[in-house]
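Notes follow the structure.
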Amino acid sequence: MGDHTTEVVALISAKREFSAFGPSHWAVLAVFAIGSAALVWIGRRQSEPQARLLGRVLGAATAVIYGAGLIHSLLPPTIAHSVPLRLTDLATVSAAYAFWSQRHWAYALSYYWGLVLSSQALISPVLYAPDFPSYQFLGFFAIHLLVVWAAIYLTFGRGMRPRWRSYRIAVITTVIWAAVTFTFNTFAGTNYGFLNRKPATSTLLDVLGRWPVYLVTGGILILIIWALMTWPWERKRRHKGKLLQ
């Protein structure tokens with residue numbers, strides 16, 4: 001009787017589609033908040049060897065989860081889903097390397113992409129898949145949680161800071177990605193990065209206008225937000241430098 005009940009519950013769960021701001025989504029947001037606070041607390045109290053070990057564990061975990069998802073997308077390969085051209089692909093690789101190495105360029109990409117773009121996937125996820133505990137659900141949120149956590153941990157836990165050089169790295173890399181991906185979408189009929197049309201579900205893109213207006217308004221908004229995310233740190237750094245003179 002117990003086994004039969006378990007099978008019924010599993011079957012119902014497998015068929016239930018994920019919906020934004022349902023119980024599972026709120027649970028993910030709670031995990032995000034708790035995990036963010038924990039990583040900041042831990043990061044501020046670690047020695048360098050401890051930070052290196054944790055960074056490599058988190059970096060390896062991020063790479064393994066991303067690799068598993070990429071392999072799954074290739075079974076079977078489709079032009080609409082198997083090409084790693086989503087900004088999430090680049091953000092995840094950058095976050096994994098930022099965790100592992102704490103190199104500034106990888107941190108810069110994680111900081112801007114994670115805190116502004118990947119965080120939007122947590123708030124307004126575009127996920128057409130069964131609800132928890134499906135592997136699509138777990139993979140989607142695990143990746144986006146780790147990307148945002150990389151930015152939070154390295155900035156507020158380990159004390160890494162963005163500079164105007166970081167801003168330029170993020171802007172140039174994003175423009176190159178957008179140009180390459182838009183061109184690919186145009187010829188292949190795909191929509192990686194939602195550069196060629198909006199997603200079918202409601203997202204924050206809805207308030208930015210129709211296509212292609214939302215590309216321009218969204219791009220300008222991102223440039224402004226990223227600049228505002230850089231300026232306070234640069235101002236603080238320069239002020240500290242003047243005090244030490």
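The values are calculated or read from the model by the stated rules, or taken from the named source; none is laboratory data. Quick caveat: nothing in here was measured; it's all calculated off a predicted structure. Neighbour counts are summed over all protein chains in view; Cβ atoms, including those assigned to glycine, are modelled from backbone coordinates with ideal geometry. Each accessible area value is taken on the protein alone, full model and side chains, heavy atoms only, with ligands, DNA and RNA left out. Shrake-Rupley method; radii C 1.70, N 1.55, O 1.52, S 1.80 Å.
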Acute angle (nearest 10 degrees) that the helix 87-101 long axis makes with the longest principal axis of the chain, alpha-carbon atoms: 60 degrees
Charge dipole of the chain about the Cα centre (unit charges at C-beta), most positive-ward option of Ala33, Phe187, Thr230: Thr230
Net dipole in debye of segment 59-216 [+1 Lys, Arg Cβ; -1 Asp, Glu Cβ; about Cα centre; nearest 20]: 560 debye
Mean residue ellipticity (222 nm) of the chain, computed from DSSP H runs ≥ 4 via -39,500 (n - 2.57), nearest 500: -22500 deg cm²/dmol
Accessible area per residue, Å², the chain with all protein chains present, probe 1.4 Å: 57 Å²
Cα centroid of segment 16-94 to Cα centroid of segment 127-173, whole Å: 7 Å
Percent carbon-and-sulfur accessible area, the chain, ignoring ligands, DNA and RNA, probe 1.4 Å: 71 percent
Contact order normalised by residue count of segment 96-245, Cα under 8 Å, 6+ apart, percent: 25 percent
Spherically averaged projected area of the chain from its Cα convex hull (nm²): 15.9 nm²
For segment 61-161, projected area of the alpha-carbon convex hull averaged over all directions, nm²: 6.4 nm²
Ile79 versus Ala38: modelled label distance in nm, points set 7 Å from Cα along the beta carbon direction: 4.4 nm
Crossing angle, helix 164-188 versus the chain [Cα axis fit, 0-90 degrees, rounded to tens]: 30 degrees
Note, ³J(HN,Hα) from phi for segment 191-200, Karplus 6.51, -1.76, 1.60, rounded to Hz, x at Gly and Pro: 9, 4, x, 6, 7, 10, 5, 6, x, 6
Computed label-point distance, nm, for sites Ser47 and Leu138 using a 7 Å Cα→Cβ extension: 3.5 nm
Between helix 135-152 and the chain: long-axis angle, C-alpha atoms, 0 to 90°, nearest 10: 10 degrees
Net charge dipole size for segment 27-135 [Lys, Arg +1 and Asp, Glu -1 on Cβ; Debye, nearest 20]: 340 debye
